[in-house]
Amino acid sequence: MEFLRPASWAEALELKAEYPDAVPIQGGTDVMVEINFDLRRPARLLDLNPVAELSRWSTTGGVLRVGAGMTYTSLIRELSADLPGLAQASRTVGSPQIRNRGSVGGNLGAASPAGDSHPPLLAADAEIEVESRARGSRLIPATAFYQGVKRSALAPDELIRAFHVAPATGPQYFSKIGTRNAMVIAVCSFAIALHPRRRAVGTGIGSAAPTPRRAGAAEEYIAAELDWDSRAALDPRVVARFGELVAQAASPIDDVRGTADYRRHALGVLARRTLTWAWHEHMRERTTT
Amino acid sequence: MTTSKATTSANTFGGIGGNLPRPDGTLKVRGEFAYSSDLWLEDMLWGATLRSPHVRARILGIDLTEAIAMPGVHAVLTHDDVPGEKHYGLDRRDQPVLAVDQVRYQGEAVAIVAADHPETARRAAKAIKVSYEPLPPVVDPAWALDPASPPIHPGGNVVRRQPVRTGVFLDGPGAPPADVVVVGEYEVGMQDQAFLGPESGLAVPAEDGGVDLYIATQWLHVDRDQLAPCLGLPPELVRLTLAGVGGAFGAREDLSMQVHACMLALRTGRPVKIVYDRQESFFGHVHRHPARMRYEHGADADGRLVYVKAEILLDGGAYCSSSLAVVGNAASLGAGPYEVPNIHIDAYGVYTNNPPCGAMRGFGAVQACFGYESQMDRLAAACGLSPVEIRIRNAVSEGSRIATGQLVDTPAPLAEMLAELAAMPMPDLPAERPGPDLRDLPGGVSQTTRGEGVRHGVGYAVGLKNICYSEGFDDYSTARVRVELLGGKPHVLVHTAAAEVGQGLVTVLAQIARTELGVANVTVAPADTRVGSAGSSSASRQSYMTGGAVRAACAAVRDRLAAHGPAESLTEILALTGPIEETREYRHRPTFPMDPFTGQGDSHTQLALCVHRAVVAVDVELGLVKTVELAAVQDVGRILNPIALEGQIHGASAQGLGLALMEEIQMEGGRVLNPSFTDYLIPTILDMPPMRLSILEHPDPHAPYGLRGAGEPATLSSTPAIVAAVRNATGLELPRVPIRPEHIALT
């Protein structure tokens, strides 16, 4: 196995162009497990750790650009206010050791339907910045990024450089079901983001379909039903309907972590609860401003 | 928080009763402890194992050509290469060293390889071509009971059937009249010991034709006694030394890679190391027997038990392992620590093509405890009594007889323990606190609730566990104690073959030597087979047995010193005599077989009790559980080392919590679906709550220092207490463990 260590982003793109089969590695929390268990035997590893820019973030034109190599720990520490949903999801990733190594870029690269960062990225309308030497960079909306179980829109010669997302302008919540109280892969998960200025609601469903996905019908329904200008409490029937629509948006399976019926049921519960929390927070903010 | 009833005078120089830290503690926390997987020699080879992908299949042929031809490969061996006996086993020699003509479970070892690099060894193992003819497996233990099921071994699929009959049931199966009858069917899933240090060891060929094996195990001598015949060597040429053990819990009672590493070392003339990875480890050791149980309890209107009927079916999997003794435990302890005038129990262990099951902490008593304690709660409800009251009314005490007719001839203050437990203060309930911390709620920081759907419940359970080996087994331990002057000062060397598996035994043995000899400077030598057998680090027996042996050897040393008169100091005597060394074997009082038809007999050495109260918060909509507190009262006879003892009770309770809420090897048609710590979940620090402990010291006059084995009892009662608390919170029956979220949310 060849171990490639580019010193810069440009060099990384060169190497990826030359060796499209090279597997990028950042924290190694997915890749090393696969190698250790002999599930994967890549001819080359492309170590992105020396590319320092990947672990930084910046703001341009009111939009955050977060380097793909930023660890969950850094993200929780530095971006909890701007990206509360993603920060909450990051807190649920593995153990402290895993959060110290793992990154959103790695989560995107693996494109597992159970990846914790996907639902909040979907709910917040994030875009993924990818780049190749041949075709330069492009932005892929998160909705278009996930294409199948562990398959993404990334071309073989491309690398994930960053994701772009607007700082939260409203409440965001992330909830994840696991059969123990920490260090668990999602049985299913759900993210919600209220966008009061646009009067829109974003959602993300994890681990309940071949890919992470949004619950489009639920988003449209609730955005229309919410009384954005008043401080009216939520109608329980509306909350219930939202939960039903989220559950219907999933296509879960039975597996070793849970049953399809349970996943669908739990998503409905999570949708109702997170919506309620988000709306209460929205009302509180309206009261204080 | 721990309160000890009796005051134990902790002497200042590290004798018994003191809170001595363990020598391996800091090293383990810092990641510096040398485990068996860290063993290394300059010129060693690496072994790898080819395992069966089939649950049951005939082996039509094995083609080694390609594997042998690979550069770096030094040996590729099959059952044809086993030098001696081709089968081994703790009680029955029914398990092949390497599969002979057929495989009986998924993961059975078929061939082994030694190569100069672990990766080469693994690739070579994969290059072995085995031609299989899959056969229909027997995976339902109920079918295995049927004489018409295809026999997995000659003699049929029933490994042991052990009845227990007392009172009217000696005359027939008809139950006596009872005012209240409750019936329940219960199921226990397949739990894994989930030790952290995978199976590993290093075999070094010796010039005398023998082999030295450095190994993580629970019983060096029983390993040797199984190894030597398979290797075709006399026992004295098979020498074992204990390597760093990363947990055991019963999973190291059976052989795993021992014979394989020795075969490869003897064949290649090179040291051979084998280390399983996590996935292989799940196929490399036995698991806890899954159980299906039907219980019927009859009581009078006051809730006093009239009779207990039970059928307990234990799935032993493909090989016998410890199934015989596990069935004996389930039967003899199957009614629990209660006074029951009429008992009718049938416990069965069967062969199936599921993974072999054998020893795990609690050993047959865990499964039965979940059954009879679930029943006691049902009975309490039917009689309109509290769970504590129904147990107190039926509790054994000194002078009672258990199901086997064995007299409880040592203190057994179960009623007092329950009263003390019930009187303990209740914890704060997290969902009722303002602004709860997510970590205190079901789901933790995964933020599934901020109090919505959360209900609280409280549950109680008790458990009865036998300590030491039972049913007439010649159970003994050996200790060699040497006192000498080192640098002009008295020094004690304690040498035993007892396996330190993380339970803290080496600390306790040194404490005993200090107390007995009054010498502060004590070294515990590495455990090996150069001294006699210590028996297994199993059955909560090592403080009792090897502790007893060390104490006896110290007494013998003391006798020799005493011959020199009390006037002289130890230093003066030793200057005169040189080193004084004594070796002693220690045996507990004899036990006897269970009667094959009535189960009667004094089969157990010592009986131990633990009681638990669990307080849980359950998210009833999502089915997630947070155990808020576990409180326990355990009688240990005599505390030797408080901090180590508390650790044992905490750990045993955590393992019981795991069985209640998450730990299960999931099976489909005999195949393991979750052989990883990603999907076989064990409790984390956010799952295991703080414990409130009360440790009692009612001495057992038959045991050294009056002590009572303490490693297992808390594993029993923890599970049913937590399940009772979840039932209390949800109103659901929950007849199966582990409880899965859908059992709560979708029932």
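Where a number appears in this text, it was derived from the coordinates with a stated rule and is not lab data. This is a predicted model, so every value here is computed, not measured. Because the Cβ atoms are built from the backbone with ideal geometry, glycine has one as well, and the counts that use them run over all protein chains shown.
So the values come out like this:
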{"quantity": "Cα convex hull of the protein assembly as shown - mean projected area over all directions, nm²", "calculated": "45.3"}
{"quantity": "Total charge dipole magnitude, the protein assembly as shown, about the Cα centre, Cβ charges on Lys, Arg, Asp, Glu only, Debye to nearest 20", "calculated": "1640"}
{"quantity": "Förster radius 51 Å - calculated FRET efficiency between A:ALA144 and A:ARG231, Cβ distance, rounded to 0.05", "calculated": "0.90"}
{"quantity": "Cα gyration tensor of the stretch B:235-275 - equivalent ellipsoid semi-axes, whole Å, descending", "calculated": "21, 12, 10"}
{"quantity": "The stretch B:51-205, dipole about Cα centre (Lys/Arg Cβ +1, Asp/Glu Cβ -1), debye to the nearest 20", "calculated": "240"}
{"quantity": "Whole-number percent relative contact order across the stretch B:452-596, with pairs defined as alpha carbons under 8 Å at least 6 apart", "calculated": "36"}
{"quantity": "Cβ-derived FRET efficiency at R0 30 Å, A:ASP21 paired with B:GLU66, nearest 0.05", "calculated": "0.70"}
{"quantity": "Relative contact order [Cα under 8 Å, 6+ residues apart], the stretch B:159-250, whole percent", "calculated": "26"}
{"quantity": "Within 10 Å of each Cβ in A:170-180, the average number of Cβ atoms from other chains", "calculated": "6"}
{"quantity": "Ordering of B:678-689, B:457-468, B:545-556, B:32-43 by burial proxy (mean other Cβ atoms within 10 Å per residue, highest first)", "calculated": "B:457-468, B:545-556, B:678-689, B:32-43"}
{"quantity": "Among A:GLY178, B:PRO150, A:ALA123 the positive-end extreme of the charge dipole of the protein assembly as shown (Cβ point charges)", "calculated": "A:ALA123"}
{"quantity": "Karplus-derived HN-Hα couplings along the stretch B:250-262 (A = 6.51, B = -1.76, C = 1.60, θ = phi - 60°), whole Hz, x at Gly and Pro", "calculated": "x, 6, 9, 6, 8, 5, 10, 9, 4, 5, 4, 5, 5"}
{"quantity": "Given charges at beta-carbon only (K, R positive; D, E negative), |dipole| of chain B in Debye", "calculated": "380"}
{"quantity": "For A:13-26, mean number of other protein chain Cβ atoms within 10 Å", "calculated": "0"}
{"quantity": "Principal axis dimensions, largest first and in whole angstrom, of the stretch B:413-527 by Cα", "calculated": "68, 40, 26"}
{"quantity": "Residue of A:PHE37, A:PHE163, A:PHE190 that the Gaussian network model of chain A assigns the largest fluctuation, springs spanning Cα pairs under 10 Å", "calculated": "A:PHE37"}
{"quantity": "Stretchable slack from B:PHE592 to B:ALA206, in nm (0.36 nm times residue separation minus alpha-carbon distance)", "calculated": "134.8 nm"}
{"quantity": "Normalised contact order of the stretch A:172-288, rounded percent, pairs of Cα under 8 Å and 6 or more residues apart", "calculated": "26"}
{"quantity": "Most fluctuating residue given options A:LEU39, A:LEU64, A:LEU226, as computed from a GNM of chain A linking Cα atoms under 10 Å", "calculated": "A:LEU39"}
{"quantity": "18 Å Cα-Cα reach of B:LYS489 towards aspartates and glutamates, excluding residues that sit fewer than 8 places from it in its own chain", "calculated": "B:GLU516, B:GLU568, B:GLU572, B:GLU581"}
{"quantity": "Chain A - Debye-derived log10 I(q)/I(0), Cα point model, q = 0.08 Å⁻¹", "calculated": "-0.33"}
{"quantity": "Under-5 Å amide H pairs with A:SER152, H placed in peptide plane, nonlocal only", "calculated": "A:GLN147"}
{"quantity": "Backbone HN-Hα couplings from phi across the stretch B:398-409 [Karplus 6.51/-1.76/1.60, Hz, Gly and Pro as x]", "calculated": "4, x, 6, 10, 8, 4, 7, x, 5, 6, 7, 9"}
{"quantity": "Distance histogram in 5 Å bins (all Cα pairs of the stretch B:69-113, percent per bin)", "calculated": "5, 20, 25, 23, 13, 8, 3, 2, 0"}
{"quantity": "Phi-based couplings in Hz for the stretch B:194-200 (Karplus 6.51, -1.76, 1.60; Gly and Pro marked x)", "calculated": "6, 5, 8, x, x, 3, 6"}
{"quantity": "Other-chain or far-sequence residues with amide H under 5 Å of B:VAL110's (modelled H)", "calculated": "B:LEU50, B:ARG51, B:SER52, B:ALA99"}
{"quantity": "Theoretical FRET efficiency, 1/(1+(r/R0)^6), r = Cβ-Cβ of A:GLU14 and A:ARG284, R0 56 Å, to 0.05", "calculated": "0.65"}
{"quantity": "Per residue Cα convex hull volume in Å³ - calculated over the stretch A:172-288", "calculated": "100"}
{"quantity": "When each of A:LYS16/A:LYS150; B:LYS86/B:LYS465; B:LYS28/B:LYS126; A:LYS150/B:LYS129 is checked by Cα-Cα distance, pairs over 25 Å", "calculated": "B:LYS86/B:LYS465; B:LYS28/B:LYS126; A:LYS150/B:LYS129"}
{"quantity": "Dipole-positive endmost among B:GLY14, B:HIS79, B:GLY89 within the protein assembly as shown (Cβ charges, Cα centre)", "calculated": "B:GLY14"}
